[in-house]
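Here the structure comes first, spelled out in structure tokens, and everything after it is commentary.
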């Protein structure tokens with residue numbers, strides 16, 4: 001179920017979509033590590049901080065810890081990154 005009426009996704013939904021497309025993303029933690037490699041998240045203490053490059057993919061206007069809603073375009077970005085890897 002989308003995060004909000006705009007169609008934003010929870011990370012678990014992003015993982016499910018990527019798995020259905022055949023990508024080996026096993027968990028939200030694995031997705032977080034991929035997003036960190038992409039420069040969209042930064043591990044900060046016990047949380048994940050959205051970087052300035054990652055803000056456009058969230059429903060937030062600035063950097064936040066543990067962003068809930070992610071734009072559906074994140075799926076395509078991660079898929080392109082995994083294809084190029």
Inset, instruction - State which residue is surrounded by the fewest Cβ atoms within 10 Å (Cβ to Cβ) when the search covers only the stretch 10-33 and only residues that are in contact with a helix residue (DSSP H, G or I) (Cβ under 9 Å, 6 or more places away or on another chain) and part of a loop (DSSP other than H, G, I, E, B). - result: 24
Inset, instruction - Taking the residues in the stretch 69-80 that are in a loop (DSSP other than H, G, I, E, B) and touching a helix residue (DSSP H, G or I) at 6+ places or on another chain (Cβ under 9 Å) as candidates, determine which candidate is surrounded by the most Cβ atoms within 10 Å (Cβ to Cβ). - result: 71
Inset, instruction - For the stretch 29-41, indicate whether the set of residues that are more than 19 Å from residue 83 (Cα to Cα) and out of contact with any strand residue (DSSP E or B) (no Cβ under 6 Å at 6 or more places or on another chain) is non-empty. - result: yes
Legend entry - Every residue from the stretch 34-55 that is within 11 Å of the chain's Cα centre (by Cα) and in a helix (DSSP H, G or I): 34, 35, 36, 38, 55
Inset, instruction - Return only the number of the condition from (1) within 11 Å of residue 11 (Cβ to Cβ); (2) modelled with pLDDT under 95 that residue 59 does not satisfy. - result: (1)
Inset, instruction - Please give the number of the condition residue 7 fails out of (1) out of contact with any strand residue (DSSP E or B) (no Cβ under 7 Å at 6 or more places or on another chain); (2) touching a residue at least 60 places away in the same chain (Cβ under 8 Å); (3) surrounded by 14 or more Cβ atoms within 10 Å (Cβ to Cβ). - result: (3)
Inset, instruction - Restrict the check to the stretch 59-68 and report whether at least one residue is assigned to a loop (DSSP other than H, G, I, E, B), touching a helix residue (DSSP H, G or I) at 6+ places or on another chain (Cβ under 9 Å) and exposed (fewer than 12 other Cβ atoms within 10 Å of the Cβ). - result: yes
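The values are calculated or read from the model by the stated rules, or taken from the named source; none is laboratory data. Predicted, not measured: the structure shown is a model, and the values here were computed from it. All Cβ positions, glycine included, derive from the backbone under ideal geometry; neighbour counts span all protein chains shown.
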